[in-house]
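For reference, the structure discussed in these notes is given below.
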Amino acid sequence: MERNPMRRQLQVMRKSLFDQGYLDEQFVQLEELQDDANPNFVEEVVTLYFRDSARLILNIEQALERKPFDFNKLDGYMHQFKGSSSSIGAKRVKAESTLFREYCKSGNGEGCMRTFQQLKKEYATLRKKLEAYFQVARQAGPMETACRPK
Amino acid sequence: MTALVVDDNMVNRTIHHQLLDNLGIENVAVGNGKEAVDIHCSGKAFDLILMDMDMPIMNGIEATRKLREMGIRSMIAGVSTRSMEQEIREFIEAGLDDYQEKPLTVSKLISIIRKIN
């Protein structure tokens with residue numbers, strides 16, 4: 001049982017991220033790569049993800065403004081976005097990406113637009129939650145080992 | 001052991017670099033297949049190449065084919081999110097020694113490395 005209150009809060013936040021389906025096992029894989037030589041690895045990768053994926057979201061937004069839709073292009077952008085999302089364990093975002101790609105393949109523009117709105121919501125929520133999580137993590141200090149979600 | 005990470009995605013390059021680093025494998029990362037070919041043309045050699053499939057300028061299939069034509073005998077492991085059998089088969093037939101679906105994990109990487117050893 002964690003005695004440090006900040007660390008306890010961090011554990012609760014972390015568990016919630018997994019229990020509510022925002023993150024999956026891949027996030028644990030990232031945590032296991034973090035060590036004394038790279039104590040902020042997870043936060044650095046996540047920061048990189050949000051920076052890099054913002055560009056892709058903008059590309060998709062612009063592509064959705066052009067009619068008729070270029071479904072190949074949209075699918076291409078989303079393929080990249082899904083890949084990054086999957087690499088950091090962004091489970092809900094990845095699920096919406098998958099759905100979007102299915103709509104691209106079936107040429108369903110309405111489905112693409114609807115799913116993209118939902119994807120942006122999930123993405124924004126994840127970003128907010130992870131920013132809060134890392135803020136607490138910085139205050140709590142370094143963790144010794146990654147903990148697998150129960 | 002040395003490795004070359006070939007991936008246009010910065011997040012993946014960072015993760016793969018760290019995975020290899022943690023296993024004590026010296027590694028370099030490039031952003032597309034052409035850069036992978038160019039680095040070999042400059043005289044560098046690697047025991048392992050982690051090759052993404054979808055990349056701009058030169059994709060992983062073309063790069064793998066080119067490297068094999070150049071006589072490169074390094075272990076080339078395809079690492080991609082593609083799951084369709086035909087696409088993976090084309091990638092393997094280009095000259096891969098192994099294929100792993102992304103995201104790459106420690107256990108997948110270890111299984112690749114065991115094949116080298």
Count - residues of the stretch B:7-38 that are surrounded by 17 or more Cβ atoms within 10 Å (Cβ to Cβ) and away from chain A (no Cβ under 14 Å): 6
Neighbours by Cβ (under 6 Å, 6+ apart or cross-chain): first from the stretch A:73-101, within 9 Å of chain B (Cβ to nearest Cβ); second aromatic (Phe, Trp, Tyr) and part of a helix (DSSP H, G or I): A:SER84/A:TYR49; A:ILE88/A:TYR49; A:GLY89/A:PHE27
For B:GLU87: the one exception among (1) at pLDDT 95 or above; (2) surrounded by fewer than 17 Cβ atoms within 10 Å (Cβ to Cβ); (3) within 14 Å of another protein chain (Cβ to nearest Cβ): (1)
Close pairs (6 angstrom Cβ cut-off, 6 or more residues apart or separate chains): in a loop (DSSP other than H, G, I, E, B) in the stretch A:3-21, open to solvent by 20 Å² or more (accessible area, probe 1.4 Å) anywhere: A:GLY21/A:LYS91; A:GLY21/A:ARG92
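Identify, from the list B:SER74, B:SER80, the residue that is open to solvent by less than 20 Å² (accessible area, probe 1.4 Å) and over 13 Å from B:ALA36 (Cβ atoms). Steps first, please.
Working: B:SER74 fails: over 13 Å from B:ALA36 (Cβ atoms).
Answer to the selection: B:SER80.
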Index of the failed condition, A:ASP35 passing every other in (1) within 13 Å of another protein chain (Cβ to nearest Cβ); (2) more than 20 Å from B:VAL79 (Cα to Cα); (3) surrounded by 14 or more Cβ atoms within 10 Å (Cβ to Cβ): (3)
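Just the residues that are of a type in the set (D, E, K, R) and either part of a helix (DSSP H, G or I) or touching a residue at least 24 places away in the same chain (Cβ under 8 Å) (or both), please, taken from the stretch A:22-35.
Narrowing the stretch A:22-35 to residues of a type in the set (D, E, K, R): A:24-25, A:31-32, A:35.
Scanning the stretch A:22-35 gives A:ASP24, A:GLU25, A:GLU31, A:GLU32.
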Residue count for the stretch A:38-72, restricted to those that are surrounded by fewer than 15 Cβ atoms within 10 Å (Cβ to Cβ) and touching a residue at least 60 places away in the same chain (Cβ under 8 Å): 1
Filter result for B:THR81 (among the hydroxyl-bearing types (Ser, Thr, Tyr) and at pLDDT below 95): yes
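The values are calculated or read from the model by the stated rules, or taken from the named source; none is laboratory data. This structure is a prediction, so every number in the text was calculated from the model and none was measured. So basically every Cβ, Gly included, is an ideal-geometry build from the backbone, and we count neighbours across all protein chains shown. Heads up: the accessible areas ignore ligands, DNA and RNA and are worked out on the full protein's heavy atoms, side chains in. Shrake-Rupley method; radii C 1.70, N 1.55, O 1.52, S 1.80 Å.
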